Amino acid sequence: MSSTTSLLLSRRFLPLFLIQTSSSFADNEFKSAFTMFATYRLPLTGAQAGMLGAAAAAMVVVPFMLYSANAARMADSIERKVLLRGLKYFELVTALVAVAALLIGNLTSGLIALFAFGAQAAVSSPVKYALLPQYLGKNELVAGNGLFEGGTFIATLAGGILGNLAAEPHWGAQAAGAILIASVLVGVVASHFLEPAPCPHPGARISWVPLNGARRVIRQAAALPAIHLPILGISWYWVVGAILLSQFPAWTKQSLDADNMVVTLFLTVFSVGILIGAVLCGKLLKGETSGRLAGPSALVMAVALLDLWLANPPAHPLADSLIGIVGFVSTANGWRVLADLAVISICGGVFVVPLYAVVQQRSPADQRAGMVAANNIWNSTFMTIAAGLCALMLALGVSVPGLFAVLAVGTLVTAGLSFRYLRQTDS
């Protein structure tokens, strides 16, 4: 049995892995089903569908900005196994609300449910990422993060696929809701098998006011360039991923004249690419915790994003009938788009996984949850601003492919900054 497989199946890692992946599956299954129902079953224009995708993405990430700092204090003051188990039961209640939103077909209720899923994820994230270095050895951290991130994106893929299939008439909201509840129950059961995880400051005072403590954890992270710079790199990665994933449905329908199964194909390529990148970075770094791959991988991502923009056909009226997967892959441009998505996602995995390991390993043990919270706050701030700008540009008439060009420029800047600064954090 390989060391990676042994780690995956170990009692100190597997329950946490199942908790992470089941949550990612559930969140994305509901978000995808909700977005696909709205895009393909409601009379929305391309701009409206794109704005709905941006709004759905914002509902998931805004809670990270509001609650991450307080969540870090909770992770440091409450026994982490008990805290994570309680959060899984909260997620189960949220799933019941989400199922009701699907059954009644109400957009407002769906957005509220997405916000609740985001709140649960925001509070649990510092706990899970603080537990990784608590459960794993130093030489296991990159491999553990690779499994964590790779598994997360495979779960995202599976959730996205099943959510997309829910847009098919023969599936329906009932099937989507049943799958959602089942996936959340997996995490609830796994939470009962976590190993004990003492917290560094038991009984410390917890504030329930949103944003309280955010300035403190951001200031602590900013004082440590070896942590702060990787956090900013991770944040840009999530901007790229969030915009691409949120715009896949509208882009596929309006620009490529393709159906929801082609959206599923894009999600498959993107998620498998992330998994390949997550595994590849571990082999390239040979267990070393380093940010030196950030610059080259971001540069290749920028080139692929630029080509993705160039690969789109000129603006045209929506076709009378949408092509499926067979029709899409029968064209040279279809393969070009798939190749671009594969390169973006593989390089994304190589870019981000080592940066997570850098943040975890180099954070002081008694501030680790706070550094994870600072990362989440920066991630959510970047994504919230990006979602707002994305919606504004779409409202002003910018096409979805035009957003890809903006991402290409931003990623090119990120590559330059990574070459200049992230190597310095290794010294």
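Here is a list of conditions, (1) over 30 Å from R73 (Cβ atoms); (2) in a loop (DSSP other than H, G, I, E, B), and T289 meets all of them except one; can you say which number that is?
The single condition T289 does not satisfy is (1).
If the requirement is being surrounded by 24 or more Cβ atoms within 10 Å (Cβ to Cβ), within 14 Å of the chain's Cα centre (by Cα) and of a type outside the set (S, T, Y), which of these qualifies: G349, G370?
Exactly one residue qualifies, and that residue is G349.
On the given criteria, is L338 at pLDDT below 90 and in contact with a Leu (Cβ under 9 Å, 6 or more places away or on another chain)?
For L338, the condition - at pLDDT below 90 and in contact with a Leu (Cβ under 9 Å, 6 or more places away or on another chain) - is not met.
Let's see how each residue does on (1) buried (at least 24 other Cβ atoms within 10 Å of the Cβ); (2) of a type in the set (A, V, I, L, M):
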site	(1), (2)
W238	no, no
G241	no, no
T252	yes, no
I274	yes, yes
A278	yes, yes
C281	yes, no
L285	no, yes
S290	no, no
L293	no, yes
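Determine, yes or no, whether A182 is surrounded by fewer than 19 Cβ atoms within 10 Å (Cβ to Cβ) and modelled with pLDDT of 80 or more.
yes
From the list I377, I385, which one is under 20 Å from the mean Cα position of the chain (by Cα) and farther than 30 Å from P200 by Cα?
Working: I377 fails: farther than 30 Å from P200 by Cα.
It is I385.
Check whether at least one residue in region 92-108 is in contact with a Ser or Thr (Cβ under 6 Å, 6 or more places away or on another chain), surrounded by fewer than 24 Cβ atoms within 10 Å (Cβ to Cβ), at pLDDT 90 or above and over 23 Å from A214 (Cα atoms), and report yes or no.
No: zero hits.
Taking the criterion of being of a type outside the set (G, A, S), modelled with pLDDT under 85 and closer than 20 Å to A178 by Cβ, would at least one residue in region 5-21 satisfy it?
No, because not a single residue in region 5-21 is of a type outside the set (G, A, S), modelled with pLDDT under 85 and closer than 20 Å to A178 by Cβ.
Only one of (1) closer than 21 Å to G151 by Cβ; (2) modelled with pLDDT under 80 fails for M51. Which number is that?
(1)
Tell me which residues, restricted to region 373-396, are without any contact (Cβ under 8 Å) to a residue 60 or more places away in the chain and either crowded, with 20+ Cβ neighbours inside 10 Å or not in a helix (DSSP H, G or I) (or both).
L396
As an exercise: evaluate P126 against (1) under 23 Å from A58 (Cα atoms); (2) touching a Leu at 6+ places or on another chain (Cβ under 8 Å) and give the number of the one condition it does not meet.
Going through (1) under 23 Å from A58 (Cα atoms); (2) touching a Leu at 6+ places or on another chain (Cβ under 8 Å) one by one, P126 breaks only (2).
The values are calculated or read from the model by the stated rules, or taken from the named source; none is laboratory data. Since the structure is predicted, the reported quantities are computational estimates derived from the model, not experimental observations. Using ideal geometry, Cβ is built from the backbone for each residue, glycine included, and neighbour counts are taken over all protein chains shown.
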